[in-house]
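The values are calculated or read from the model by the stated rules, or taken from the named source; none is laboratory data. This one's a predicted model, so the numbers in the text were calculated from it and none came from an experiment. Cβ: placed from backbone, ideal geometry, glycine included. Neighbour counts: every protein chain shown. Surface areas here come from the heavy atoms of the whole protein model, side chains and all, with no ligands, DNA or RNA. Shrake-Rupley method; radii C 1.70, N 1.55, O 1.52, S 1.80 Å.
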Amino acid sequence: MMNKDITPERFMREALKEARKAYELEECPIGCVIVKDNKIISRAHNLRITHNCSLSHAEILAIKKACKKLDSWRLSDCDLYVTLEPCTMCSGAIIQSRIRKVYFAAYEPKGGAVCSCNDIFDIRHGHNHEVLFEGGLLEEESSKMLKEFFREIRDSKKIRE
């Protein structure tokens, strides 16, 4: 019998907690958790500014932690929860890591590579691994945080001008 507390929404709420950590660091508020056997095995949030590295997306950092924890590059029994639709780089890393399924909250109309701008997970592209996905999980909470973050950035720029 499945524990009623183990739901995709619960894990996405954990990803939202990670996004809040990024927000507090003045990083774009994107958070990610990776789950195996209904347990979170890694968590991360955006750290591009903190690390001064364009590769420090939440998904990439969470994948690295999960690989280290499992001592394997294959994450085939794992699901990834992220607060924003993955970009092309992160979608490629997800495929290469053999992640089973991706749940994302908000759609990314400007750069989402799962279904908004591109469909990187589509196996007709010649990938040898199919990644399942579901978008829109707790979309409202994630979108609200992202909009608030970018509104604050715009408002702070107006003050400085």
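Table for the structure above
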| quantity | calculated |
| --- | --- |
| Accessible-area composition of the range 25-161, carbon plus sulfur, in percent [1.4 Å probe] | 50 |
| Under the Karplus curve 6.51 cos²θ - 1.76 cosθ + 1.60, θ = phi - 60°, whole-Hz ³J(HN,Hα) for the range 122-135, x wherever Gly or Pro sits | 5, 5, 5, 6, x, 6, 9, 9, 9, 9, 7, 8, 9, x |
| Relative contact order (%) - the chain, alpha-carbon pairs under 8 angstrom, separation at least six | 19 |
| Highest-fluctuation residue, 129, 45, 57 considered, GNM on the chain with Cα pairs under 10 Å | 129 |
| Between 0 and 90°, nearest 10: helix 88-97 axis offset from the chain longest Cα axis | 30 |
| Interchain or long-range residues, amide H under 5 Å from residue 78's placed H | 100 |
| Whole-number D in µm²/s for the chain (Stokes-Einstein; Kirkwood sum over Cα pairs; 10 °C, 1.306 mPa s) | 100 |
| Whole-Hz ³J(HN,Hα) from phi, Karplus 6.51 cos²θ - 1.76 cosθ + 1.60, for the range 72-77, glycine and proline x | 7, 7, 8, 10, 5, 9 |
| Residue-normalised accessible area of the chain, given per residue in Å² at a 1.4 Å probe | 58 |
| Cα lying deepest toward the dipole's positive end in the chain, options 34, 109, 123, charges on Cβ | 34 |
| Per-residue ³J(HN,Hα) for the range 16-21, Karplus 6.51 cos²θ - 1.76 cosθ + 1.60, θ = phi - 60°, Hz, x for Gly and Pro | 5, 4, 5, 4, 4, 4 |
